[in-house]
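Nothing in this text is a laboratory measurement; each read-out follows from the coordinates by a stated rule. Owing to the predicted nature of the structure, the values given are computational and were not obtained by experimental measurement. So basically every Cβ, Gly included, is an ideal-geometry build from the backbone, and we count neighbours across all protein chains shown.
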Amino acid sequence: MNISRKLKSLTRGESSTPSCVSMKSDDSIGQPLNFSSGDCDDTDVSNTTDGSKSFKRKHMDSVFQELEHKLISMMKKELKIFKSLLSSDYPSCSEREEEEDEDQIRVREMFLKITLNVLKKMNQTDLAYKLQTIFAPVCMKKHKSRLKEQFQRMNEGISAQGSSTLVNEIYTELYITEGGSEDINNEHEVRQIETASRRSETRETQIKCNDIFKFSPEQNKPIRSVLTKGVAGIGKTVSVQKFILDWAEGKTNQDLHFIFPLPFRELNLIKDKNISLIDLLHQFFTETKDLRSIDFDDYKVVFIFDGLDECRLPLDFSKNPSLFDVRESASVDVLLTNLIKGNLLPSALIWITSRPAAANQIPPECVDLITDVRGFNDPQKDEYFRKRINDESLANRIITHMKSSRSLYIMCHIPVFCWISATVLQRMLSEAESQAQIPKTLTQMFTHFLMFQIKLKSQKYDGKCEVDLQQARKSLESLGKLAFQQLEKGNLIFYEEDLRECDIDVREASVYSGVCTQIFREEFGLNLGKVFSFVHLSVQEFLAALFVFLAFLQQTSGPINRLKSNMSDLLKSEVDKALQSENGHLDLYLRFLLGLSLESSQTILRDLMTQTGRRSDSKQEIVEYIKMKIRENLSPEKSINLFHCLNELNDHSLVQEVQTYVNRGDEFSLTGVRLSPAQWSALVFVLLNSEEELKEFVLSKYDRSDECLLRLLPVIKASRTADLSHCNLTEKSCSSLASVLRSNSSSLTELNLSYNKLKDSGVKLLSDGLKNTNCKLKTLLLSGCNLTEKSCSSLVSVLRSNSSSLTELNLSDNKLKDSGVKLLSDGLKNTNCKLKTILLSGCSIGSEGCVALTSALRSNPSHLTQLDLSDNNPEDSGVKLLYDLLKDPHCQLQTLHLSHCNLTEKSCSSLASVLRSNSSSLTELNLSLNNLKDSGVKLLSDGLKNTNCKLKNFHLSGCNLTEESCSSLASVLRSNSSSLTELNLSHNKLKDSGVKLLSDGLKNTNCKLKTLLLSGCSIGSEGCVALTSALRSNPSHLTQLDLRYNNPEDSGVKLLSDLLKDPHCQIQTLLIQSHQIT
């Protein structure tokens, strides 16, 4: 049934199932208003007398009363129709019916606009968008259909002449993270991939590509613009393709009315043209020509600008004129900057993708969310190979082989490299060639890939089994020249003028695309011109290296003006040039060039080479040269790439030297060992390329020194947690650690520097790193570092910084005094402070410090949940302030440690009132080593039994308690309102009599205790009898029991051992006489 019949049936009160929608149907609107019908008096009012003013007024009232009735009646009918359509499983759009009267169209549009406006004001935006979609113009259906057809297939590295694959058949979800850095990253993208491969996923916010515009609790405003970063070939464009396809197929994001994909590579082709935004869209998407400029205000629209790094427009956000009218003509550059800034179509959503080095072209204020495409994580790599290769056994063999080479498996983060590897290994392993020929380095993999594609061309396009070597050499020379020249310029995509510069006839470009079907890619814009690219930057770098290598063998001139008399000289000069690059943009090119110099690579390429390398000893010469460079104390990144170069040359000697130390497994394995600079670099390479994830780095395993820390700094940067405690570090290390914290590639979230002589000057250096926007550190431990109140001054600036991520700070065992705590409190009260835990044990804090702390926590009570003031002297006045704070309903403190604080039974009365308070959040309390006595515990027990008490962990070790306290606590254990799960009564003289009393509480079914610590309590065999009896009676809860430093005698030990054999006994850990029984 069409919309006309649906609307007609709804008007008559019939029920039907909708199948299509139209706004142009005579029956889709109620009957025209008939103002002459009804009871209205039609007397000619022009003949009335002077006394007829009252009559006129009554007549007018009557007319408008009837008008109101008719309008309301009509609106009710329309609303009934809208409700029915929204309640049905209605298709989003349909073809138009016969033409309607213009007045009827305008009336329905008016009612629809009113309804949509009111729904949005009611915050019913989903309903508004659904209704708007139902009545959307027919061009939306055509637009969706066209995008579905355009994006449902993908060319997996294959040119337009080749076959393609359905996206939904092979698409593997990419690992995309939220909250990337705005800073520019100029490192070679392979370096960035290697860094990302060491990053743990557990603490990152993963986001699916279909959800990038979804509002999240962390966002304080709706997301309008998203910038997605990722290295070349990582899957940005495929993510865009999947996003569009899922929308076009009606699977996701159906609140969107139009998606307009506008790749920068196609916009470049009209960069010199002046055009309005509306005309630009009509030109790119011809099916939208019926859309008027005013329509864009009513529809939810997404613009997708893919490939910012390929943009050849200036994108001058500061100087470009402002533009607000979609009908006004301007350069494409001006259109884009105004669209991204929100001057044009401020309600439109914007998605931009870019390689990292180009991402800073978009001003930070124009971006609401930054995401990073990390490519495939390890499970997704395996999933890809299994989807790509139908033979399960073959897929498993390929996965096993890739995992056997760390460098190859890391590169599989890049989907295109997975495809290259699958292409090569599927053929080689299925042909059952010898294992020795299976590629184990990047160069070997790319060399085999190149040869396969040349053979494929002959079979596919020429119908020949033999390769035309002369034609292949000519094609590769032209492509290699293009790859080399554009690599030096930093270009990944090329246009017709770029091909002409390399003497490639644009009219014959398809020949080059055909020769290397899956290497060189020819794409057609939307009738705008041709765009060319290699399928991935690494393929371009390989062909550039091959070009240089073959040119050297043939001693040709041209762009290779640095040719040397022998292979070693050439390779040395290229090593030097790569080392001079600040961002390492020649790193991968150098690896390929060195790999190609091996005889094994030349054997694979022998059909393409007119002659081979002249001397076989060049390998050892270049190996020694690279080792010499490593000894020169290069930056860690440059050294690591040189080790990859040695790997391509099949030389592992340096790594093997260091591996002997690492494999010892000893504590302090490098203590007393003098490593050369090259060996230190080798150690870094070994640790960074270990198959084990770098979750925690422990410096003491190697050597406790500043030098060891500085040498292993790249490993610290790649680790989540760094334990550098007790390592004789000084402020010298702090400067280097600050640089790690400032690095956008650092993974560090926890840093333990406790018990090192850092001093205040070291903390000042660290603070500069902690305030940096790249710093991800959440936990900082600085216990026992010879700090004073000066360090508090440095740290308070960190707590006030809106870029700081610190949630835990340990400053215990430093002489901060009250003056230091006052400074820290200024940071704690700041709304930017995110600290949840602060540990200030043994910091010489008195009552004045408590005054400052409680004042700060009342000002900003929302974050801090754990406070440790043990081993200080807060005095009664300070403790009372803390207790009053705990009763504040805004206070979030859950854990409070006040051990060894000179507290007496006097403080217990106040604390009992805290436990009884329904506003207290306290769940853990440590009062150990205070002289509370039995009288204090009796007061506390009254609070513990209160229904408001939430306390779960209670520590009363060394509080001068006797069996009298056991009587009080047993009553707590028997109480059905008690929440206690852990009780520490160690080092009190409870004796057997006290334990017997406690046991009465343990056997009660209300008892929830899981951990009971009774170390050093003068317990003998009788106490063990009572305990085992209780635990047999109520065995379901207790899992840990500590009875060390008592005298249970053999009989008591036997009873406890027998208890463990009881199948109902839940005890997992039992400590007796300094021994552990489990």
### Query
Does the range 842-921 classify as rounded, prolate or oblate by the C-alpha gyration tensor (a ≥ b ≥ c root eigenvalues; a/c under 1.5 gives rounded; else a/b over b/c gives prolate, otherwise oblate)?
oblate
### Message
I need the GluC sites (Glu not before Pro) found in the range 218-297, filtered to DSSP loop residues with at most 11 other beta carbons within 10 Å of theirs.
### Response
218
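Remind me, relative contact order of the range 1014-1075 in percent, using alpha carbon pairs under 8 angstrom and six or more residues apart?
45 percent
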### Query
Which whole-number percent gives the relative contact order of the range 676-829, counting Cα pairs below 8 Å spaced six or more residues apart?
18 percent
### Message
If I stretch the segment between residue 145 and residue 324 completely, what's the gain in nm (0.36 nm per residue apart, minus their alpha carbon distance), one decimal?
### Response
61.4 nm
### Task
Would you mind calculating the relative contact order of the range 794-951 from Cα pairs under 8 angstrom and at least 6 residues apart, reporting the percent as a whole number?
18 percent
### Message
Here is the link list: 148/271; 271/341; 229/341; 221/695. Which ones come out longer than 23 Å on Cα distance?
### Response
148/271; 221/695
### Query
Looking at the square roots a ≥ b ≥ c of the eigenvalues of the Cα gyration tensor of the range 866-998, which shape do they give, rounded for a/c under 1.5, prolate if a/b is larger than b/c, or oblate?
oblate
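Counting only pairs 8 or more residues apart or on different chains, how many lysine pairs in the range 995-1078 have their Cα atoms under 21 Å apart?
For the range 995-1078, the number of qualifying lysine pairs is 6.
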### Task
Determine the gain in length on full extension of the stretch residue 316-residue 726; use 0.36 nm per residue of separation and subtract their C-alpha separation, reporting nm with one decimal.
142.3 nm
### Query
Which shape class, rounded, prolate or oblate, goes with the range 928-1077 when its Cα gyration tensor gives a ≥ b ≥ c as root eigenvalues, a/c under 1.5 marks rounded, and past that a/b bigger than b/c marks prolate?
oblate
#### Entry: DSSP-assigned coil residues among trypsin sites (Lys or Arg not before Pro) in the range 872-916, each with at most 11 further Cβ atoms within 10 Å
none
### Query
List the lysines whose alpha-carbon lies under 24 Å from that of residue 619, not counting same-chain residues fewer than 8 positions away?
440, 564, 572, 577, 627, 629, 638
### Task
Please give the length that would be gained between residue 1005 and residue 65 if that part of the chain were fully extended, namely 0.36 nm times their separation in residues minus their C-alpha to C-alpha distance (nm, one decimal).
330.8 nm
### Query
residue 1057 to residue 695: FRET efficiency via 1/(1 + (r/R0)^6), r the Cβ-Cβ distance, R0 25 Å, to the nearest 0.05?
0.10
